[in-house]
Amino acid sequence: MKLELTRVVQGRSRLGVLKGLGRTGQHSLEVPGCLLHTHVGTVPHLTQETLHTLSNLTSVTQVTLSNIAEHQEVLEEFKDGFRKFAGLHDTVLYCSLHDPATPCPTGYTTNKTVSVWGSGGRIELTVAKFMALQKTVQPDWYQSMADGETWQNNTSRKRVRKSVDRTLAHLDECLLVHQKSQELEGVEMFGVVEGGDILEERVRSARETAKRPVAGFCLDGLQMGSMDRALRTQLITAVTKELPEDKPRLLQGVGQPDEVLACVEAGVDLFESFFPFQVTERGCALCFSFDISPDPELAGRAPHAVLGLDEERDTAGETQQNGDFNLEDQTQMTSFEINLKDKRYQDDFRPLVEGCGCYCCKNHQRAYLHHLLVTNELLAGVLLMIHNTAHYHAFFGALREALANDKLDLLKRRVLRESGRQT
């Protein structure tokens, strides 16, 4: 795994390609970019065949131990790793600890263990069990075990310090096992940066983690709704200054477009793509604009074009101000989406987004999606997930284009106009 940067904009926003991914090194991932969010290896609502009708998908699939740990015995008996078990082909497999779309209970971490929650309840992991799972899953890269229970605002300085110490100790133990393991030969490990909302601990965690032989870094405990956005940006900026330029930085738990832009400006390279799934579960469709083309006709032919939304967005009375997102309440709408359950859409025969090239927008109208949702048809989730996944990945394409062409400020104005709209 090697990060090749082509541009660094305004000192921190990084544009480049992460090369040499996978056991064979044949895959690459453009940055800034996002991973493909899955539940037990499957994008929610979509079969593999349906998923691959989408263009410009990321080459990296994210799976989580919270979904896989309870299946360890089956995977050990299968022996050929999770990728083959789940029927995943031609993708890079990244294994993280927790599902970013599902908040985890706190208070279950000890000096020697962390806990994950599957469908059968809590599973306690020691480093030995954690690493045994990695050998069974056989990912291409994975995050090290970490104590990430310090994102709450009332966490004490002592608890935050202990989190950093534990995470570094876990990392050292994981590295020791990793280096001795034949099963993990060629697999990369990301170190986890903790530190809560305390600048000194964030910097210490980043500095110490950077001393270890890791392939990249996961920035944890900065989830949407967990802290003030200005503080998060300050912490990320301080952390990235301590990290080497040639290794990727993956931010966990942040997905809203305006927050993605702020974090890219602070030096983040990679994000988890759980946000489209959350929007789909609310019965909503992403519809924010990220068109940066000066020519409307050219923009209409661009794969990431989003046109003609302003009038409709001005009348949408149910979207909420973006900054009030609560980590414990992920059913709350944002101003980047429209609620298709609303009666106003029952006779709206436009596509979800004018100019969108996804299957849903080319073949169906808002009125049909409204009908599917109010009658609880399973097809509603399928069509919404197709559109929301396509729209979100196209946003990252527009972000990279903006960085390449010095149009980041223009993109920010387009996106932030959506987040600041009072409706």
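Here Q72 fulfils each of the conditions (1) polar (S, T, N, Q); (2) buried (at least 17 other Cβ atoms within 10 Å of the Cβ); (3) assigned to a helix (DSSP H, G or I) apart from (2).
Of the residues making up the stretch 284-304, those that are modelled with pLDDT under 95, out of contact with any Phe, Trp or Tyr (no Cβ under 9 Å at 6 or more places or on another chain), open to solvent by less than 10 Å² (accessible area, probe 1.4 Å) and within 20 Å of H387 (Cβ to Cβ) are S289, A299. Only one of the numbered conditions (1) of a type in the set (A, V, I, L, M); (2) open to solvent by 30 Å² or more (accessible area, probe 1.4 Å); (3) in a loop (DSSP other than H, G, I, E, B) is not met by L88, and that is (2). The criterion of being closer than 21 Å to R207 by Cβ and aromatic (F, W, Y) holds for W151.
Remark: pairs (first residue in the stretch 115-127, over 10 Å from S66 (Cβ atoms) and without any contact (Cβ under 8 Å) to a residue 60 or more places away in the chain; second residue among the charged types (D, E, K, R) and exposed (fewer than 15 other Cβ atoms within 10 Å of the Cβ); Cβ separation under 9 Å; 6+ apart in sequence or on different chains) = T126/K112; V127/K112.
Rundown of residues vs (1) in a loop (DSSP other than H, G, I, E, B); (2) open to solvent by less than 80 Å² (accessible area, probe 1.4 Å); (3) at pLDDT 95 or above; (4) under 23 Å from N56 (Cβ atoms), yes/no style:
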| site | (1), (2), (3), (4) |
| --- | --- |
| T319 | yes, yes, no, no |
| M333 | yes, yes, no, no |
| A367 | no, yes, yes, no |
| G381 | no, yes, yes, yes |
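Applying the condition of being of a type in the set (S, T, N, Q) and in a loop (DSSP other than H, G, I, E, B) to the stretch 117-151 and asking which residue is surrounded by the fewest Cβ atoms within 10 Å (Cβ to Cβ) yields S119. Does R7 fit the bill of being buried (at least 21 other Cβ atoms within 10 Å of the Cβ) and either over 13 Å from V60 (Cα atoms) or of a type in the set (S, T, N, Q) (or both)? So R7 fails the test. Here the stretch 61-92 is the region considered, the condition is being without any contact (Cβ under 8 Å) to a residue 60 or more places away in the chain and under 15 Å from the mean Cα position of the chain (by Cα), and the residue that is farthest from G148 (Cα to Cα) is T61.
When restricted to residues that are farther than 16 Å from P248 by Cα and open to solvent by 10 Å² or more (accessible area, probe 1.4 Å), the stretch 193-207 contains 7.
The values are calculated or read from the model by the stated rules, or taken from the named source; none is laboratory data. Predicted, not measured: the structure shown is a model, and the values here were computed from it. All Cβ positions, glycine included, derive from the backbone under ideal geometry; neighbour counts span all protein chains shown. All accessible areas refer to the heavy atoms of the entire protein, side chains included, with ligands and DNA or RNA removed. Shrake-Rupley method; radii C 1.70, N 1.55, O 1.52, S 1.80 Å.
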